[in-house]
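A.B. asks: One structure coming up, written as structure tokens, with questions to follow.
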Amino acid sequence: QVQLVESGGGLVQPGGSLSLSCAASGFTFAIYSMGWYRQLPGNPRELVAAITAGGNGNYVESMKGRFTISRDNAKSTVYLQMNSLKPEDTAVYYCHVRILGSDYWGRGTQVTVSS
């Protein structure tokens, strides 16, 4: 079955960096676009960045220049490098894939940006 397992969240000071990972299994990782979403307290889940099967990254405007999405098909893993973090980036970050019209999510990893 499809499994997505996020890791790498934690507490970081404003201006700091974190690198998130999402290990995927149960499907042919290399042929699917992958995405990172986040959910702020009291808000709906929102797209952060997505990467195509060919490795092209797309970002929400507010994340451009600060976040970088990448993938390693040999490891079936997608990454999100987050720099210059702000308190408003505090959220649970989720990995996502859509396969044949069905959405799959990981359990999420908490990112807290606070001094």
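The values are calculated or read from the model by the stated rules, or taken from the named source; none is laboratory data. Treat the numbers as computed from the prediction; the structure is a model and nothing was measured. Every residue, glycine among them, receives a Cβ derived from its backbone with ideal geometry; neighbour counts consider all protein chains shown. These accessible areas exclude ligands, DNA and RNA; they are computed on the full protein's heavy atoms, side chains included. Shrake-Rupley method; radii C 1.70, N 1.55, O 1.52, S 1.80 Å.
A.B. asks: Could you state the accessible area per residue of the chain in Å², with a 1.4 Å probe and every protein chain left in place?
C.D. replies: 52 Å²
A.B. asks: Sort out for me the Cα centre separation of region 57-90 from region 8-29, rounded to whole Å.
C.D. replies: 9 Å
A.B. asks: Another one. Quick check: at a probe of 1.4 Å, how many percent of the accessible area of region 10-115 sits on carbon and sulfur atoms?
C.D. replies: Details: 2640 of 5450 Å².
The computed percentage sits at 48.
A.B. asks: Still on this structure, I have one more. What is the dipole size for the chain, taken about its Cα centre, with +1 at each Lys and Arg Cβ and -1 at each Asp and Glu Cβ, in debye to the nearest 20?
C.D. replies: 80 debye
A.B. asks: Gain in length, GLN1 to ASN73, computed as 0.36 nm per residue apart minus the alpha-carbon separation, to one decimal in nm? Let's see the in-between values first.
C.D. replies: On the way: separation 72, 0.36 × 72 = 25.92 nm, distance 1.81 nm.
Value of the extension gain: 24.1 nm.
A.B. asks: Would you please report the Å³ per residue occupied by the convex hull of the alpha carbon atoms in region 38-85? Mind showing how you got there, number by number?
C.D. replies: Details: hull volume 4.4 nm³, N = 48.
Output value, Cα hull per residue: 92 Å³.
A.B. asks: Dividing the convex hull volume of the alpha carbon atoms of region 1-99 by its residue count, what do you get in Å³ per residue?
C.D. replies: Here the figure is 96 Å³ per residue.
A.B. asks: How much length would be gained if the chain were fully extended between VAL60 and ARG45, taking 0.36 nm per residue of separation minus their Cα-Cα distance, in nm to one decimal?
C.D. replies: Full extension from VAL60 to ARG45 adds 4.1 nm.
A.B. asks: A follow-up question, please. Ordered by residue, what ³J(HN,Hα) values in Hz, to whole numbers, does region 64-69 give under the Karplus form 6.51 cos²θ - 1.76 cosθ + 1.60, where θ = phi - 60° and Gly and Pro are x?
C.D. replies: With the stated coefficients, region 64-69 comes to 4, x, 10, 10, 9, 9 Hz.
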